[in-house]
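The values are calculated or read from the model by the stated rules, or taken from the named source; none is laboratory data. As the structure is a computational prediction, the values presented were derived from the model and not from experiment. Note that each Cβ is placed from the backbone with ideal geometry, even for glycine, and that neighbours are counted across all protein chains shown. Calculation scope for accessible area: heavy atoms of the full protein, side chains included, ligands and nucleic acids excluded. Shrake-Rupley method; radii C 1.70, N 1.55, O 1.52, S 1.80 Å.
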Amino acid sequence: MASAHAPLRRIVGLSPISVDDAIDRALVQARDLFGEPDWFEVSTARGFISKGQVTHYEVSVELGYESKPKKSENDAYLDSVLSRRPNRRVRNTIDWRL
């Protein structure tokens, strides 16, 4: 499911229609606020009743985001050295003098 260092977020979804709709609404809100989650888990689901009828559903959803390492300029240089290809984006660190 997730690695040990994956950031977790918790969000609540509400719907007057169904539990599935509440999950969908929570995922839409999560995408808008935090970006696309890699996985989700419903931790709680509730329904509220008024006058014998279900008025709305509430779900608590835990969201997982896989951490993706960001490449820096140093990584580009190291990649070019290891692959033995010239890297035109990174300047040489050796000063050539004649």
What number of residues within the range 7-46 satisfy the criterion of being in contact with a helix residue (DSSP H, G or I) (Cβ under 8 Å, 6 or more places away or on another chain) and more than 14 Å from Tyr65 (Cα to Cα)? 6
Note down all Cβ pairs under 9 Å where the first residue falls in the range 17-30 and is within 9 Å of Tyr57 (Cα to Cα), the second is of a type in the set (Gly, Ala, Ser) and surrounded by fewer than 16 Cβ atoms within 10 Å (Cβ to Cβ), and they're at least six residues apart or on different chains. Val19/Ala45; Val19/Gly47; Ala22/Ala45
How about the range 20-67: which of its residues are part of a helix (DSSP H, G or I) and open to solvent by 50 Å² or more (accessible area, probe 1.4 Å)? Asp20, Asp24, Arg25, Val28, Gln29, Arg31, Asp32, Leu33, Phe34
Find all pairs meeting these conditions: Cβ atoms under 8 angstrom apart; at least six residues apart or on different chains; first residue within the range 37-65 and touching a residue at least 60 places away in the same chain (Cβ under 8 Å) and farther than 12 Å from Leu14 by Cβ; second residue among the aromatic types (Phe, Trp, Tyr) and open to solvent by less than 60 Å² (accessible area, probe 1.4 Å). Gly64/Trp39
